[in-house]
Amino acid sequence: MSEVSELPAEGLLQRVRALLPQIAAAAPAAEQARKVDETVMKGLEGTGVFRSYVPRRFGGYEIDIDTFIDVGVEVGSACTSTGWITTFYAEHNWLLGHFAPEAQNEIFGAQPYVLAPGAISLNGRATPTEGGAMGALGAFIMALARRKLELRLLKEALENTTKLAIFVLF
């Protein structure tokens with residue numbers, strides 16, 4: 001397959017459909033392992049699907065909602081879990097596209113897209129609490145279980161947590 005950065009948004013759904021037999025064949029093993037097969041993930045990355053909602057200025061597709069739903073339905077028809085994680089990962093790039101321009105530059109300047117779980121309330125207000133540690137622990141365990149824990153990101157999170165804890169303390 002071509003280099004992902006060279007692939008246009010046009011043809012995305014066809015490229016994803018071409019992987020459906022591989023996704024379906026790997027579905028039982030994904031169910032058993034409770035993790036999407038790595039070769040399937042690499043195949044999906046090769047289609048450019050995770051660039052779906054990356055801002056165009058960073059080489060993303062900014063696809064429309066109908067295409068996003070079509071991709072999810074197609075992948076989900078072969079393996080529900082893989083369909084969910086595909087749309088889950090793609091959607092988080094959309095969320096990151098709503099961050100401040102400086103944050104977007106930092107995130108998408110370092111890599112073409114992000115494969116990371118997360119939750120954001122665009123109109124909410126964060127309030128530090130002791131209970132937040134449980135959410136952080138849960139996210140840590142998820143990243144560890146999915147073998148997506150990166151030392152650099154962990155270090156950044158710990159530094160930011162320390163700064164926040166000091167701010168709350170004083």
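The values are calculated or read from the model by the stated rules, or taken from the named source; none is laboratory data. None of the values given here were measured: they were computed from a predicted structure. Glycine also receives a Cβ, built like all others from the backbone with ideal geometry; neighbour counts cover every protein chain displayed. Heavy atoms of the whole protein, side chains included, go into the accessibility calculation; ligands, DNA and RNA do not. Shrake-Rupley method; radii C 1.70, N 1.55, O 1.52, S 1.80 Å.
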- Residue hits (segment 7-25; open to solvent by 20 Å² or more (accessible area, probe 1.4 Å) and assigned to a helix (DSSP H, G or I)) are LEU13, GLN14, ARG15, ARG17, ALA18, LEU20, PRO21, GLN22, ALA24, ALA25
- Message: List the residue pairs whose Cβ atoms are under 6 Å apart, where the first residue sits in segment 78-98 and is over 16 Å from GLN22 (Cα atoms) and small (Gly, Ala, Ser), the second is open to solvent by less than 40 Å² (accessible area, probe 1.4 Å) and assigned to a helix (DSSP H, G or I), and the two are 6 or more positions apart or on different chains.
- Response: ALA90/PHE50
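Of ARG34, ARG56, which residue is in contact with an Asp or Glu (Cβ under 9 Å, 6 or more places away or on another chain) and open to solvent by 20 Å² or more (accessible area, probe 1.4 Å)?
After ruling out the rest, the residue left standing is ARG56.
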- Task: Take the residues in segment 59-77 that are under 13 Å from ARG17 (Cβ atoms) and β-branched (Val, Ile, Thr), then tell me which one is surrounded by the most Cβ atoms within 10 Å (Cβ to Cβ).
- Result: VAL75
- Can you find a residue in segment 78-93 that is at pLDDT 90 or above and open to solvent by 60 Å² or more (accessible area, probe 1.4 Å)? yes
- Message: Could you go through segment 7-14 and let me know if any residue there is more than 14 Å from the chain's Cα centre (by Cα) and modelled with pLDDT of 95 or more.
- Response: yes
- Item | Unique match (being out of contact with any Pro (no Cβ under 8 Å at 6 or more places or on another chain), under 23 Å from GLY11 (Cα atoms) and of a type in the set (Asp, Glu)) among GLU45, GLU62, GLU102, GLU106 | GLU45
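May I ask you to list the residues in segment 15-33 that are of a type in the set (D, E, K, R) and modelled with pLDDT of 95 or more? Step through it out loud before you land on a result.
Our first condition is that a residue be of a type in the set (D, E, K, R); within segment 15-33, this holds for 15, 17, 31.
Selection gives ARG15, ARG17.
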